[in-house]
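Values quoted throughout were computed directly from the atomic coordinates according to the rules given, and no laboratory measurement underlies them. Because the structure is predicted, anything quoted here is derived from the model rather than measured.
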């Protein structure tokens, strides 16, 4: 199972799915890495503070077919 989670096919699938998310956020970066246990994809954009106040990454995930960020009840953080 570990080999499957790190395989090139999984990396390609993650890259394909996250390309839609990256396309929805101008200036973002897509990074696919293979860790000790699995491959994972990240879309990097701004800071956690920016995401909490703009919600751009959550909206991009929704546009890409996900359903994240729609039922969030946590309050937005304040800059220190």
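Fully extending the segment from residue 49 to residue 62 would add 2.7 nm, taking 0.36 nm per residue of separation and subtracting the current Cα-Cα distance. Answer rounded, prolate or oblate for region 2-63, using the Cα gyration tensor with square roots of eigenvalues a ≥ b ≥ c: rounded when a/c is under 1.5, else prolate when a/b is larger than b/c, else oblate. Prolate shape, in that a/c is at least 1.5 and a/b is the bigger ratio. Under the criterion of Cα pairs below 8 Å and six or more residues apart, the relative contact order for region 2-63 equals 34 percent.
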